[in-house]
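Here is the structure we will look at, set down as C-alpha cells.
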Amino acid sequence: MTEATIVGWGHTPFGRREEDLEGLIALAAREAMDSAGITAGQVDGIWLGHFNAGMVRDGFAASLVLQADDALRFTPATRCENACASGSAAIHAARNAIRAGEARVALVVGAEKMTAMDTAGVTDALMQAGYAAEEDGQSFPMIFARFADAYFQRNGDQSAALARIAAKNHRNAMDNPLAHLRKDLGFDFCNTVSDKNPLIAPPLRMSDCSLISDGAAALVLVADDMAGEFDHAIGFRAAVQVNDYLPMSRRELLDFAGPTEAFRRAYAAAGVGVGDLDFAEVHDCFTIAELLVYEAMGLAPRGQGARCIEEGVVMADGALPVNRSGGLKAKGHPVGATGVSMHALAARQLAGQAGDMQIPGAELGAVMNMGGSGVANYVSILERTGGRA
C-alpha cells in the first residue's frame, strides 16, 4: 500500500499574534510549501485542522488556505474538527487520501486564533469539547482537576511532580524560538501557590495549565514513492486513532484508557516498544495529563509516573525526552494547530533541523495528541525514511 511521507513543514511563532486566522493559515501554508520545495499547483488536496467553537467568526474556514497562493484555487479543501486533536484529525485525513490513491501531494494546516476573545470567552468555547449533558458548566481546568484529585487520592499528593513537569517544559521552551512563553519559571515558583501562581481549579495551579495562544503549523505530505525527490522524508511507522466514551461518567478516569489503547495499538503496528523511542511530544494541556501519559505510554507503572520526572528520564538529557519543544504548557496551545505543530517539530527532530532543541541521534519519535478529556486520541510513530539529504 502507498504510504504518506512528511516532506515539508511550516510553523508560526505561538503567542498573542497580530495576524487574524486567515493570516496565520497563509503564513504556515506558504512556509510548508517552501520547505518542501513544491508549488501550490502540485497540491492535490488541502486539510485544515480548526476547532473554533465561536472564538472567531470564521466558521467556514477550509478555503482560507487558498489565500496562501492563488494557484491553490479549485483545490479540494476540507476542515477537520476533533476538539484539541483537530490538527491530528487533518493529518490522518490527508494521510488516508494518499494511502487510498486519491491524492499524491497533500497540504495540511492547523490553526487557531484564540486571543481575539477574553479568557472567560475562551474558557466557555473550550467547554464545548465536553459532554454537555453531564459536564456543562465545568471548565477544562475543572475537568482535569478531577483527574488530579482522583490521582492524588489514590497515590498521595503529587503537586511537586506536577510542578517539576511544568518547570521542565518551561525550561525546554527556552530553546524553542517559536514558543509562546520562553521563560524558565523554576520548580519553586511552579510548586508554590502565590498571587502570580494562584489555584485555578484545586489542586491545579496556573502553572499547571497550558496557555491561550494564537498560531498555525503546516505539513506537506506526499506518496512515499516520491520521497526521493525531497531533501527530507519522515515516514509514519504507525498512525493510530482511538476514541473513548465522551461522558466521563462512563470511564474510570485513572485508567486513561483511550491514550493507553492508542499507544498499545501504535506500538503493535510499528513493531516497537517504549524503549525504542528517542523522544516524544505529548499532549500536556495540563500537567496532570503529561503525568498520566507517562503511564499510558508505558514509561512507568500505574501510580508511579512521578518517577519519570524525579529520576530525569523525561528531561532534555534523559533517556526519553518528553516535550522538548516546551509542550502545550510553554510552547502554547492554539487548539487546531497543536497536533500539526507536534508532528512538524517531531519531523524537524528526525531531520536534524531542531536547532537548540535537537536531540542527538534522534531516529524514532512518538506524537500523542488528545481531544477532550482523553476522548479523541491520536498516536503517531515517526521515523526518518530517506530524502536527498
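Data table
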| read-out | value |
| --- | --- |
| Matching strands (runs of 3 or more DSSP E) fully within the range 166-253 where at least 1 residues are within 21 Å of Ala346 (Cβ to Cβ), in contact with a Pro (Cβ under 9 Å, 6 or more places away or on another chain) and not aromatic (Phe, Trp, Tyr) | 215-223, 233-243 |
| Test: Phe60 is at pLDDT below 95 and either of a type in the set (D, E, K, R) or over 18 Å from Cys285 (Cβ atoms) (or both) | yes |
| Residue in the range 100-117 that is within 26 Å of Thr2 (Cβ to Cβ), surrounded by fewer than 23 Cβ atoms within 10 Å (Cβ to Cβ) and basic (Lys, Arg) present | yes |
| Qualifying residue in the range 143-164 (condition: buried (at least 20 other Cβ atoms within 10 Å of the Cβ), touching a strand residue (DSSP E or B) at 6+ places or on another chain (Cβ under 9 Å) and part of a loop (DSSP other than H, G, I, E, B)) | no |
| Verdict on Gly87 being outside any helix (DSSP H, G or I) and either open to solvent by 40 Å² or more (accessible area, probe 1.4 Å) or in contact with a strand residue (DSSP E or B) (Cβ under 7 Å, 6 or more places away or on another chain) (or both) | no |
| Out of Thr12, Thr39, Thr5, sole residue that is hydroxyl-bearing (Ser, Thr, Tyr) and within 18 Å of the chain's Cα centre (by Cα) | Thr12 |
| Any hit, the range 67-75, residues being among the aliphatic types (A, V, I, L, M), open to solvent by less than 30 Å² (accessible area, probe 1.4 Å) and in contact (Cβ under 8 Å) with a residue 12 or more places away in the chain | yes |
| All positions within the range 106-141 that are over 22 Å from the mean Cα position of the chain (by Cα), in a helix (DSSP H, G or I) and either free of Cβ contacts under 8 Å to residues at least 60 places away in the same chain or closer than 16 Å to Ser86 by Cβ (or both) | Ala120, Ala132 |
| Residue, nearest to Gly10 (Cα to Cα), within the range 171-187, restricted to residues that are under 16 Å from the mean Cα position of the chain (by Cα) and not hydrophobic (A, V, I, L, M, F, W, C) | Asn176 |
| Ser325, sole failed condition from (1) more than 17 Å from Trp9 (Cβ to Cβ); (2) open to solvent by less than 40 Å² (accessible area, probe 1.4 Å); (3) part of a loop (DSSP other than H, G, I, E, B); (4) not aliphatic (A, V, I, L, M) | (1) |
| Residue satisfying all of: in the range 188-219; of a type in the set (Asp, Glu) and closer than 27 Å to Ser373 by Cβ; farthest from the chain's Cα centre (by Cα) among these | Asp208 |
| Odd one out for Tyr294 among (1) in contact (Cβ under 8 Å) with a residue 40 or more places away in the chain; (2) open to solvent by less than 10 Å² (accessible area, probe 1.4 Å) | (1) |
| Count - residues of the range 1-28 that are crowded, with 17+ Cβ neighbours inside 10 Å, more than 12 Å from Ala106 (Cβ to Cβ) and aliphatic (A, V, I, L, M) | 6 |
| All positions within the range 332-389 that are open to solvent by less than 10 Å² (accessible area, probe 1.4 Å), β-branched (Val, Ile, Thr), out of contact with any Cys (no Cβ under 7 Å at 6 or more places or on another chain) and within 20 Å of Ala173 (Cα to Cα) | Val340, Val367 |
| Residue satisfying condition, being aliphatic (A, V, I, L, M) and more than 25 Å from Met206 (Cβ to Cβ), within set Leu328, Leu350, Leu253 | Leu350 |
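Residues checked against (1) within 19 Å of Ile6 (Cβ to Cβ); (2) free of Cβ contacts under 8 Å to residues at least 12 places away in the same chain; (3) not in a helix (DSSP H, G or I):
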{"position": "Glu18", "(1), (2), (3)": "no, yes, yes"}
{"position": "Glu22", "(1), (2), (3)": "no, no, no"}
{"position": "Glu31", "(1), (2), (3)": "yes, no, no"}
{"position": "Gly41", "(1), (2), (3)": "no, no, no"}
{"position": "Asn52", "(1), (2), (3)": "no, no, yes"}
{"position": "Gly59", "(1), (2), (3)": "no, yes, yes"}
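The values are calculated or read from the model by the stated rules, or taken from the named source; none is laboratory data. Computed from a predicted structure; not experimentally measured. Here Cβ is always computed from backbone atoms with ideal geometry, including for glycine, and neighbour counts include all displayed protein chains. What goes into the accessible areas is simple: the full protein's heavy atoms, side chains included, and nothing from ligands, DNA or RNA. Shrake-Rupley method; radii C 1.70, N 1.55, O 1.52, S 1.80 Å.
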